[in-house]
Amino acid sequence: MAKWGRCDFKQLKRLRERLGEFEKADKDRICTDIAKDIASRLLRMAKKRTPVDTGALLGSWDEENKPLTVVKKGNVFEVTVTNSMTYASYVEYGHRTRGGGWIEGMHMITVPEEMLKTAAPKIIERHIEKELKRVFDGD
């Protein structure tokens, strides 16, 4: 019969303990942090795309969205980003002028939403890696 040598299982036991710690991690806190991160990125991107005439439209992003509130609905973490200016939807989607012309929309939220759909997996991955590092490094 072959001789395999000696094996120290202390590290495997420690790995099992650390994985148990990760399992117990506050998943709601992690998901809330991720949702806030993505929503704050969306808000920054929307503000960059917002045209400035008087500054009222741009300022309404901040007024309406501080602090960013995350609501958990079942397994979904939801953040609503709003702008309460009555004309915000016209700037977003475009509108007809009194003379019959058409002003194209600025897509202040639509374009950033699409961009974040592709970026979200990497953002989520970074948050999870950070949490894993915290658990495994013992911070």
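Sort out for me the helices (runs of 4 or more DSSP H) sitting completely within region 1-83 that have 1 or more residues that are under 20 Å from the mean Cα position of the chain (by Cα).
Once the helices (runs of 4 or more DSSP H) in region 1-83 are filtered for at least 1 residues that are under 20 Å from the mean Cα position of the chain (by Cα), what remains is 27-49, 56-65.
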Item checked: Unmet requirement for Gly94, which otherwise passes all of (1) under 30 Å from Arg18 (Cβ atoms); (2) of a type outside the set (S, T, N, Q); (3) open to solvent by less than 50 Å² (accessible area, probe 1.4 Å) -> (1)
Item checked: Filtered residues of region 97-118 (kept if surrounded by 14 or more Cβ atoms within 10 Å (Cβ to Cβ) and of a type in the set (Gly, Ala, Ser)) -> Gly105
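Here are Gly105, Gly59: which of them is at pLDDT below 95 and of a type in the set (Gly, Ala, Ser)? Talk me through it step by step, then tell me what you get.
Values: Gly105 fails: at pLDDT below 95.
Step by step, each of Gly105, Gly59 is checked, and only Gly59 is at pLDDT below 95 and of a type in the set (Gly, Ala, Ser).
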Next item on the list: Among the numbered conditions (1) closer than 17 Å to Lys47 by Cα; (2) under 22 Å from the mean Cα position of the chain (by Cα); (3) free of Cβ contacts under 8 Å to residues at least 12 places away in the same chain; (4) not in a helix (DSSP H, G or I), tell me where Glu114 comes up short.
Entry: (4)
Checklist line | Only one of Asp8, Asp37, Asp53 that is open to solvent by less than 40 Å² (accessible area, probe 1.4 Å) and of a type in the set (Asp, Glu) | finding: Asp37
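The values are calculated or read from the model by the stated rules, or taken from the named source; none is laboratory data. Source: prediction; values computed, not measured. Quick reminder, even Gly has a Cβ in these numbers, built from the backbone with ideal geometry, and neighbours come from all protein chains shown. We work out accessible area using only protein heavy atoms, side chains counted, and drop any ligands, DNA or RNA first. Shrake-Rupley method; radii C 1.70, N 1.55, O 1.52, S 1.80 Å.
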